[in-house]
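Colleague: Structure below; questions to follow.
Nothing in this text is a laboratory measurement; each read-out follows from the coordinates by a stated rule. Note that the structure is a prediction, hence the values are computed from the model and not measured. Because the Cβ atoms are built from the backbone with ideal geometry, glycine has one as well, and the counts that use them run over all protein chains shown.
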């Protein structure tokens, strides 16, 4: 029985038919660039820098979609960005961040294995 992965590369592969090198390069870029943004987001959250948090979420949202993360994670990221931008429901943002962080960290591990 194959275990279910956090990510789904079907969308990415559909945009690069028969080009596994491109898919690998996109995964490498995701693994290189997304963890630093996640760390910046955590620092922004700690210091209540809502504009900084919003900017960093905005930068990773396309990657979340490209790597085929679960729909609810994309929705969570979008909501967080909106809440930070509008300065509303900020009390919900820390829990949303923890959810996003947990899923992305799991995906980082799985995607690193995918490259091997």
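Colleague: Select from region 23-68 the residues that are exposed (fewer than 14 other Cβ atoms within 10 Å of the Cβ) and assigned to a loop (DSSP other than H, G, I, E, B) and list them in ascending order.
Modeller: Once the filter is applied, which keeps residues that are exposed (fewer than 14 other Cβ atoms within 10 Å of the Cβ) and assigned to a loop (DSSP other than H, G, I, E, B), region 23-68 yields 47, 48.
Colleague: Quick check on residue 107: is it touching a residue at least 60 places away in the same chain (Cβ under 8 Å), in a helix (DSSP H, G or I) and surrounded by 13 or more Cβ atoms within 10 Å (Cβ to Cβ)?
Modeller: yes
Colleague: Can I ask one more? Can you pull out every residue in region 84-99 that is part of a helix (DSSP H, G or I) and either touching a residue at least 60 places away in the same chain (Cβ under 8 Å) or farther than 14 Å from residue 64 by Cβ (or both)?
Modeller: Once the filter is applied, which keeps residues that are part of a helix (DSSP H, G or I) and either touching a residue at least 60 places away in the same chain (Cβ under 8 Å) or farther than 14 Å from residue 64 by Cβ (or both), region 84-99 yields 84, 85, 86, 90, 91, 92, 93, 94, 95, 98.
Colleague: So, residue 80, is that one surrounded by 17 or more Cβ atoms within 10 Å (Cβ to Cβ) and within 10 Å of the chain's Cα centre (by Cα) or not?
Modeller: no
Colleague: Within region 1-22, restricting attention to residues that are in contact (Cβ under 8 Å) with a residue 40 or more places away in the chain and not in a loop (DSSP other than H, G, I, E, B), which residue is surrounded by the most Cβ atoms within 10 Å (Cβ to Cβ)?
Modeller: Once the filter is applied, the top-ranked residue is 12.
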